[in-house]
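In what follows, a single structure is set out as structure tokens and then discussed.
The values are calculated or read from the model by the stated rules, or taken from the named source; none is laboratory data. Note that the coordinates shown come from a computational prediction; the quantities given were computed from them, not determined experimentally. Cβ sites come from the backbone with ideal geometry, for glycine too, and all protein chains shown count toward neighbours. Remember, those area values only see protein heavy atoms, side chains included, never the ligands or the DNA or RNA. Shrake-Rupley method; radii C 1.70, N 1.55, O 1.52, S 1.80 Å.
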Amino acid sequence: MRSPGRVMAVSAVLVVVAGCAGDGSEEGADVTMDSALSEAIDVASLEENRTPYLGDNSRVVALVGATGPRAVGESTLELRTGQRPYGLVLNFSAVADGVTPDVADDLMMDRATLLLATIDNVDEVRWTLPEDVDQGEGGVFTRGEADALVGSSVAEIGATAEGLEELVSRLEED
């Protein structure tokens, strides 16, 4: 998943400082890397905040928070909306105990899949860990990769609350 040194020029970058990219509630702070995905995900919030546009800042922040990124660590959120591919980037400033780059990739692929299912025009979800920043590296997961992971369109599966529940179940099985 880690792609070496590709730097992306972006004409319009919006940085949203979201603490841990969550809603600030203490409930999300209990998420650990050992938690089942279904325990970490707030499907009701994913359904409520679904959006056709990556540029809908408040909904995107809520969607990221609903995926439980605190399992990886503390992050800020960056929206790349200036040109295709439209991207959402979680920049982790600190990682949770025991989170290695491989663990972070595994955790983020599931969360990226759910974000790709609930934000219609996002093309990719990226993440950087503290050690990635100087090296220009990080993880990336595209819509095509998410579709391949679950065997069909994540946008179609995730179009309803029931579909989002099914998607979470599929991700837990992998």
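How many angstrom separate the Cα center of region 84-127 from the Cα center of region 154-171?
17 Å
Per residue, what accessible area does region 65-170 have, given a 1.4 Å probe and all protein chains present, in Å²?
With all protein chains present, region 65-170 gives 37 Å² per residue.
Let me spell out the model: positive unit charges on the Cβ of Lys and Arg, negative unit charges on the Cβ of Asp and Glu, origin at the Cα centre of region 68-174. What dipole size does that give, in debye rounded to 20?
So the magnitude is around 420 debye.
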